[in-house]
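Below is one structure; the comments refer to it alone.
Readers should treat all values here as calculations from the given coordinates under stated rules, not as data from a laboratory. All values derive from a computational prediction rather than experimental measurement. Backbone-built Cβ (ideal geometry, glycine too); neighbour counts: all protein chains shown.
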Amino acid sequence: MTIEYALYLGCTVPVRGMNYEMSARKVAERLKIELVDVDGFSCCGFPAKPLDWQAGLLMAARNLALAEAQGLDILTLCSACTGTLTEANQRLKEDAELRAWANEQLADMSHVYKGTVRVRHFARMLYEEVGVERLRETVTVSLADFKFALHYGCHYLKPSHLYDGFDDPENPQSLDRLVEATGAHVVRYEDESQCCGGGILGFDEKTALLLTKQKLDHVTAAQADAMVLICPFCSIMYEANQRRVEKLYETEYKLPVLYYPQILGLAMGFSLEDVGIKLNRVKPRKLIKFASRQVGK
Amino acid sequence: MSDEETIIDASTFDPHFRDEIAAEPGGEHIRRCFSCSTCTAGCPVAGVTDKYNPRRIIHMALLGMREQVLTSDFVWLCSVCYTCYERCPQDVRIPELMNAIRNIAVREGHIPSTFTVQMEKLREHGRLYEIDDYENERRAEYNLPPIHEEKTAVQQILNKTCPETCAEKEEEEA
């Protein structure tokens, strides 16, 4: 059976997380999941919500309506988009009055929201719809030599009432199982569920980067080969801002930060180029060396 | 601290502030708070700075310290991680409550510049990052399909919902 989804990229992934997008597309193709690019998607509405909840809700509703018009469920890569679209979908489905209001507004733009599609994060889709067993069967290159520290991020799990309890927000398991399917080991570290700080980066950079620093310290102490995550903004905090944290605090991490589909892709036999490793700012040297050796085999 | 700094003048309280917040989507559960501080104990931001203390903000709001709550920086320091949302025994839904207070603050003209900049980007590009020929050429190098900006619809939505507060206010004042 082919699974088909509208791929919702959001703002950050298509510009600053192309390695995430490339690897997710490769992995999906291998798993026979068809990703449809829908023209007209905009920002999900997350940045508008703190200023005007109606603006945020309508932006989300419009994106949902676009997927509905194609008869496709939405697949997301960014966890904040996942939360925003899922929340709007739930509110509009449950509240007939709000739905009527939203449709009145959307009518000018020739959109209709009916409430017929679901929103799924890429990792949740792999965990629930493909399943860990089937993923394991697709692995041709075991990553057993690697120890990864996982960062679930906040909006993938919370608020949990949006996500039908598919994973436990205080003690999540899904990403652990997905990473283990590649043969890699998961290392535990202090304060694993801590937020990346991305939500306040624009408002109070110093405080945001202090949160980032704490996690980089904890992961480094656990001697992980890399961090593995599933949200572009978490990646910006830990990877793109890593040099800034190093300068601010006169320290050095050189901690590689990888998107989950990148390691899954490598385990499926895709090349470093296929999964966009070139775009990782902190070079995962051990992984590059390992994957280069696989080519000759 | 001196008495002058710590003593609160109750005559300035707005007893209706809690109702105003409760009427705002997201703020409905504010009256449920019994000040247990579970939110603050697990808050990642409160863990690294004294500037943010959700329990304190809720308490100030319940007392009716309207002006202080709306003009202060602290409601903007919630990172919206939902840790407290999961743990609050009274289901106060604190990140949503902070957004409700932010919405009220914005309507009164208290909007941090970082958010104004984001709204301008949304108006210009329909998204937070521009995608033009340069970005699409880069995407093509990595075999990724082009993306077209959808700014008209986003502008329409912002004009309908918050033409005054979201982005244009500064220009009018200038």
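What to note about this one:
- Inter-chain Cβ neighbour average for residues A:10-17, partner chain, 10 Å: 5
- Farthest towards the positive end of the charge dipole of the protein assembly as shown, among the residues B:68, B:89, A:144, is the Cα of A:144, using unit charges on the Cβ of Lys, Arg, Asp and Glu.
- Cysteines not pairable in chain A (beta carbon separation under 4.7 Å absent): A:11, A:43
- Pairs from the table (A:158/B:51; A:32/A:254; A:215/A:278; A:206/A:254; A:213/A:278) lying more than 28 angstrom apart at Cα are A:32/A:254.
- Number of partner chain Cβ atoms within 10 Å, mean per residue of A:147-156: 1
- For the range B:101-159, the relative contact order works out to 32 percent when only alpha carbon pairs closer than 8 Å and six or more residues apart are counted.
- Using only side-chain charges placed at the Cβ, +1 for Lys and Arg and -1 for Asp and Glu, the dipole size of the range A:92-236 relative to its Cα centre rounds to 240 debye.
- In the protein assembly as shown, the ratio of gyration radius to Kirkwood radius, Rg to Rh, stands at 0.97 when only Cα atoms are counted.
- In this label model, residue A:90 and residue B:67 are separated by 3.9 nm, measuring between points 7 Å along each Cα→Cβ vector.
- Label sites at residue A:221 and residue A:248, each approximated as a point 7 angstrom past Cα along Cα to Cβ, lie 1.9 nm apart.
- Counting only DSSP H runs of at least 4 residues, each contributing -39500 (n - 2.57), and dividing by the residue count of chain A, the helix-based mean residue ellipticity at 222 nm comes to -12500 deg cm²/dmol.
- Between residue A:285 and residue A:140, full extension at 0.36 nm per residue minus the direct alpha carbon distance yields a gain of 50.1 nm.
- Gaussian network model of chain B, Cα within-10 Å springs - most flexible of B:38, B:71, B:152: B:152
- Once both labels are positioned 7 Å from their Cα atoms along Cα-to-Cβ, the gap between residue B:37 and residue A:107 label points is 5.3 nm.
- Centroid-to-centroid, using Cα positions, the range A:41-63 and the range A:238-272 are 30 Å apart.
- Ranked by how many other Cβ atoms sit within 10 Å of their own Cβ, fewest first, the residues B:113, B:37 fall in the order B:113, B:37.
- Each Lys and Arg adds +1 at its Cβ and each Asp and Glu adds -1 at its Cβ; summed about the Cα centre, chain A shows a dipole of about 1140 debye.
- Test item: B:72-83 mean partner chain Cβ contacts at 10 Å: 6
- Relative contact order of chain A: 20 percent, from C-alpha pairs under 8 Å at least 6 residues apart in sequence.
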